[in-house]
């Protein structure tokens with residue numbers, strides 16, 4: 001009895017610690033975004049509620065927040081779509097077609113994806129500069145897709161490997177081509193896995209910082225993570241209220257997507273293991 005009580009206590013303590021660890025910074029960010037001063041926790045500094053920070057971020061033209069948000073959403077959507085489309089074709093080939101050494105190919109893709117961004121961004125900058133793609137959408141889309149595609153491929157391979165191959169055989173018997181089997185049979189069955197992969201790819205692209213920092217120069221293509229770091233107030237001081245307000249607006253879509261579609265995300269990631 002005592003051991004069961006101790007186990008329950010430890011579980012609740014661990015859960016409470018993790019919730020506090022994850023939520024306290026987020027709550028502090030929200031509170032600062034509605035405060036006239038970030039020093040309200042200092043003794044003698046009162047908390048004053050205001051919407052001025054959100055008004056400056058959403059309406060003010062000097063911060064270019066809406067430009068950053070538009071760029072991030074557009075680049076993330078295109079990157080996620082390309083990664084899911086290419087990853088789906090590759091996953092179908094790996095799980096259905098007699099590709100020689102397909103598992104070695106998968107591990108090679110995984111190994112290449114482990115190179116740190118900081119080790120590649122210098123060469124990538126020279127390459128993009130030679131193409132004239134600095135501060136352009138295509139200059140960000142190419143590295144985004146290359147960076148996110150390995151994860152998308154592995155998730156989709158894991159999901160496609162659990163779809164019975166008898167469905168393909170039945171489609172071939174009915175006279176379907178491989179393309180028809182893919183988009184008429186496999187895609188509809190694999191919708192949860194494809195959707196979860198799309199969401200994860202979107203979130204990864206939306207939060208990417210290094211490539212956006214090095215390959216953009218102004219608000220025309222700069223994304224949200226980099227744009228927020230460029231906020232600067234009068235006389236060079238850091239406008240923490242504006243930064244926190246912009247961060248709250250930026251975080252909300254990802255949080256809402258995760259809450260609303262968590263069943264699809266978890267189902268897509270835990271469908272099964274990769275089969276050789």
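The values are calculated or read from the model by the stated rules, or taken from the named source; none is laboratory data. Note that the coordinates shown come from a computational prediction; the quantities given were computed from them, not determined experimentally. All Cβ positions, even for glycine, are placed from backbone atoms using ideal geometry, and neighbour counts span all protein chains on display.
The figures follow:
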read-out: Residue check for residue 73: in a helix (DSSP H, G or I), in contact with a helix residue (DSSP H, G or I) (Cβ under 9 Å, 6 or more places away or on another chain), at pLDDT 85 or above and surrounded by 10 or more Cβ atoms within 10 Å (Cβ to Cβ); value: yes
read-out: Residue selected from the stretch 167-223 under the condition within 17 Å of the chain's Cα centre (by Cα) and without any contact (Cβ under 8 Å) to a residue 24 or more places away in the chain, by the criterion farthest from residue 153 (Cα to Cα); value: 213
read-out: Among the residues listed as 122, 87, the single one being within 30 Å of residue 184 (Cβ to Cβ) and modelled with pLDDT of 85 or more; value: 87
read-out: Qualifying residue in the stretch 186-208 (condition: at pLDDT 90 or above and either touching a strand residue (DSSP E or B) at 6+ places or on another chain (Cβ under 8 Å) or in a loop (DSSP other than H, G, I, E, B) (or both)); value: yes
read-out: Some residue of the stretch 88-95 being surrounded by 15 or more Cβ atoms within 10 Å (Cβ to Cβ), under 30 Å from residue 24 (Cβ atoms), out of contact with any strand residue (DSSP E or B) (no Cβ under 6 Å at 6 or more places or on another chain) and touching a residue at least 12 places away in the same chain (Cβ under 8 Å); value: no
read-out: Residues located in the stretch 178-192, provided they are under 23 Å from residue 98 (Cα atoms) and in contact with a helix residue (DSSP H, G or I) (Cβ under 9 Å, 6 or more places away or on another chain); value: 178, 180, 181, 182, 184, 185, 186, 187, 189, 190
read-out: Residue match in the stretch 102-115 (condition: touching a residue at least 60 places away in the same chain (Cβ under 8 Å), out of contact with any helix residue (DSSP H, G or I) (no Cβ under 7 Å at 6 or more places or on another chain) and either surrounded by 13 or more Cβ atoms within 10 Å (Cβ to Cβ) or in a loop (DSSP other than H, G, I, E, B) (or both)); value: yes
read-out: The listed residue being outside the structural domain of residue 243 (by TED's automatic domain parsing), surrounded by 10 or more Cβ atoms within 10 Å (Cβ to Cβ), under 17 Å from residue 247 (Cβ atoms) and free of Cβ contacts under 8 Å to residues at least 40 places away in the same chain, out of 23, 9; value: 23
